[in-house]
Structure formats: structure tokens, C-alpha cells
């Protein structure tokens, strides 16, 4: 209950995250300036409250929170646990009750960043059976120790905290589809806004573990669901083109995590643009959500964040005859990437390359022969296109571990943190589906 002299209702989950519920910003302790806006969505607000409670202990914690929010409430004993939960959800939705992260978690993130060991976002899976969050029922007391915070906390530390508060980690594949459905309603009502800022995306690319998140997503054309050699066999396709490398043979593809892409729902245009891909309105797309806990034992997948260094090492290790270390040292730099992108675009504009997805090295060579580039540069550019074809780092590749945002209406220049994946065993989609390792959303539609 609300005790005189105390402001707000403070809870701590088992991940060590401290949250402050209160009626106004004047909470009496230091909090991160921006409150958590995602809880204002009815679905996310309800699931947030549910996750803060240990299963089977709703009645105590949520009723105490309700009494804080509505100190004048009568006949609370007549309300069911579900009624209490729904009414608290409505308070979050209307803004009557707001939630902040407290500064003590900010200090923890700052310390972790200084040791280069950023904690996983709340809700991220750390084992096959992640611990359930639980409320520690206690009112937030005004104390000097809670108000004290270091003035030297770096801006990047704030980005880590902001990103952690926005992370969305489904419990299973079914919940992932529910989250996307609710996100679609939100986009239809208020328009698309990227969840993470450029600053937060860069923080996650440098210090996070997007490739290690349990739920990953693969966006691809519907035609890839079926192998062209077995057109009558449903789900005979694979997550990517099969590549034979030094460590095995299997699908090679670029992807990102569910958390990185869920803010675009399953809108094929928004997804294409976030992934740095040109959207083709005449193509049918699908979204494959992968539960890596079930998929990895079958595929032997190897994933790396898509930085210049990581992709170079991947190429040197898996395809050493085609792409030597000397070659990658020369071309896998920001300067040469800009050089390749410039001439790729020029070849498309001249008509030598038929479209912006082309990897036709003969056509590219025809264009290069019309330039005054030295033969050595032409050969480097041709081999770079071969790398584009074999590995997938295209003309819009940034080398930072981030994609280029192609949505002109987005406030961001970066789309998502991306990963390069290589399955060292050849496994088709049917086998993954039967193992409960994937769910597929077909024939994606624009919101």
C-alpha cells in the first residue's frame, strides 16, 4: 500500500532490473529520464506485468501495486487476479501509471560496459529453461544512496540501458507470431517508427550478441520454400543457397534476430528496407522465424556478426582459394566498399547490369572496360562481385555489422544488426519444421 513519505512502487526482477511505478516523474529517486513507452500498448503492457510476476504469485504483488495506484480502492478482495491485471494494464495504457528504469540499473550497465561485458536484455534466454522474473514487493524509499548517481556515466551507457528496456524476446514460436500480429495493429494505427535508434543499434552491434539470441528470422522470397529440383515436395527448400566450405556444406544466408526486426511486423516493404534490400512489389515474400535451440543441433550453424573483419575471416576460412587474406585486406575496407558501390550503381545506370540485384560478372566486366580504371582495379572489382555472389555482402554492405536503412521516411540511417550464417549440414525446411524449429509466415502483405 501507499505509505506516507514514500513515493512510487519499486520492483526488482530476477535479472536484477529495477523498475519504478509511479503517478508522475517526481518519484523521489533518480530514474532514467524517459519512461518505458512500450508498456502503453495493451498487449505489451499486460505481458510486461505478467513477466514481472512469478507464476502463481499474481495475487500478492499485483494487488499491492494496485493498492498503490488506487489507494482509495474498496472491495479489492472481490476482484479476481485477472481483473486486477487488466485494470493495471489500462492504467499503463492511459498513462495514469508510468514505469521507469531506476538509475541503479544504469550504474550496472555502465560498469559492465567498462569491462566490455554487457548484460543480456531482460527476458533474453540464457539457458534452455530461463528463470521466471519475480516481483520483490517493497515500496520505493527516498534515500540518499538511491538518489546518488555518477555524473560521468557515458552517453553510450544510456544507449545500452535504453536498448535493454526495448528488447522483445518471445517465449516460443507461437508467441512470436502473436507479437508480430499486435505490432501490425500498432503500425496500422500510428505508423511505423523504428524501435532502436542508430546510437542503440551501434551499441548492440559493438557490444551485444544479436547472433546469440534464441529467436532469429530469415526474410526471403516465397519461391525459395521449394527446391527447384523437387517442385512437388513442400518445404523442400532451405534457408539459403547451399555453399560448400572447408568446414561443411549447407545453407548460407544473412539474417538478424527476431528482436531486431519485430518493429516492422511482417510488412515486406519495411523489412526489405531495414535489411538494406530493394523491395520488389512483384515478388512474394515470406518470413521464417527460427528457434535456434532446436535448429542448431540439426544444422551445425556457424554465425558471425557481419563486420569487415568477421566476414573477411569467414571468407578466408571457408573459401580460401577464392578469397585470400591478401584480397580481403585490400577490399574489405570502408573506402573500397564505397568504390565498389559507386561502380556497381554506375553499371546499373548504364544498363550493363540489368537490375540492382544482378551479380553478372561478365556484364559488370563489360561496364568496367568502358572506364579508364587500371586493369588491377578492374580485376579487384570483378572478384569483389564474385564475393558478393558467393557470400552476400552486396553493394549496400556497410561492414559495421549493421544494414543500411533504405526507408527514406525513417529517422535512422541504420536498419538492423545483421549476421552471416553458414549451416555446415544440409537440412531442408521440412526437417526443421517437423522438429518444431521454425514457423513460416507466408505471402507477406504491406500494412
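Considering each residue of the stretch 203-222 in turn, at least one proves to be in a helix (DSSP H, G or I), modelled with pLDDT of 95 or more and assigned by TED's automatic domain parsing to the domain that holds residue 284. Going through the stretch 310-354 one residue at a time, which ones are in contact (Cβ under 8 Å) with a residue 24 or more places away in the chain, more than 29 Å from the chain's Cα centre (by Cα) and more than 13 Å from residue 381 (Cβ to Cβ)? Selection gives 320, 322, 323. Among the candidates 323, 314, the residue that is crowded, with 16+ Cβ neighbours inside 10 Å, over 13 Å from residue 368 (Cα atoms) and touching a strand residue (DSSP E or B) at 6+ places or on another chain (Cβ under 8 Å) is uniquely 314. Could you tell me which residue of the stretch 355-368 is nearest to residue 338 (Cα to Cα), considering only residues that are assigned to a helix (DSSP H, G or I) and free of Cβ contacts under 8 Å to residues at least 24 places away in the same chain? Among those residues, the one meeting the criterion is 364.
Can you go through 51, 59 and tell me which one is surrounded by fewer than 20 Cβ atoms within 10 Å (Cβ to Cβ), modelled with pLDDT under 70 and within 19 Å of residue 179 (Cα to Cα)?
On the way: 59 fails: within 19 Å of residue 179 (Cα to Cα).
Among 51, 59, only 51 is surrounded by fewer than 20 Cβ atoms within 10 Å (Cβ to Cβ), modelled with pLDDT under 70 and within 19 Å of residue 179 (Cα to Cα).
Within the stretch 313-327, not a single residue is over 14 Å from residue 422 (Cβ atoms), at pLDDT 95 or above and part of a strand (DSSP E or B).
Spot the failing condition for residue 344; the list is (1) part of a loop (DSSP other than H, G, I, E, B); (2) under 29 Å from residue 218 (Cβ atoms), and only one is missed. If we test residue 344 against (1) part of a loop (DSSP other than H, G, I, E, B); (2) under 29 Å from residue 218 (Cβ atoms), just (1) comes out false.
Does residue 366 count as modelled with pLDDT of 95 or more, surrounded by fewer than 17 Cβ atoms within 10 Å (Cβ to Cβ) and under 27 Å from residue 285 (Cα atoms)? Taking the combined requirement at face value, the residue does not satisfy it.
For the stretch 413-431, indicate whether the set of residues that are touching a residue at least 24 places away in the same chain (Cβ under 8 Å), under 21 Å from residue 195 (Cβ atoms), in the same structural domain as residue 188 (by TED's automatic domain parsing) and part of a loop (DSSP other than H, G, I, E, B) is non-empty. Scanning the stretch 413-431 turns up at least one residue that is touching a residue at least 24 places away in the same chain (Cβ under 8 Å), under 21 Å from residue 195 (Cβ atoms), in the same structural domain as residue 188 (by TED's automatic domain parsing) and part of a loop (DSSP other than H, G, I, E, B).
Given the condition farther than 27 Å from residue 169 by Cβ and modelled with pLDDT of 70 or more, answer yes or no: does some residue in the stretch 17-32 qualify? Yes. With respect to residue 371, determine if the residue is surrounded by fewer than 17 Cβ atoms within 10 Å (Cβ to Cβ), in a loop (DSSP other than H, G, I, E, B) and under 33 Å from the mean Cα position of the chain (by Cα). The answer is no for residue 371. The single condition among (1) over 19 Å from residue 440 (Cβ atoms); (2) out of contact with any strand residue (DSSP E or B) (no Cβ under 9 Å at 6 or more places or on another chain); (3) in contact (Cβ under 8 Å) with a residue 12 or more places away in the chain; (4) assigned to a loop (DSSP other than H, G, I, E, B) that residue 229 does not meet is (3).
The values are calculated or read from the model by the stated rules, or taken from the named source; none is laboratory data. Here the structure is a predicted model, which means the values were calculated and not measured. Don't worry about glycine lacking a Cβ; one is built from the backbone with ideal geometry, like all the others, and counts go over all protein chains shown.
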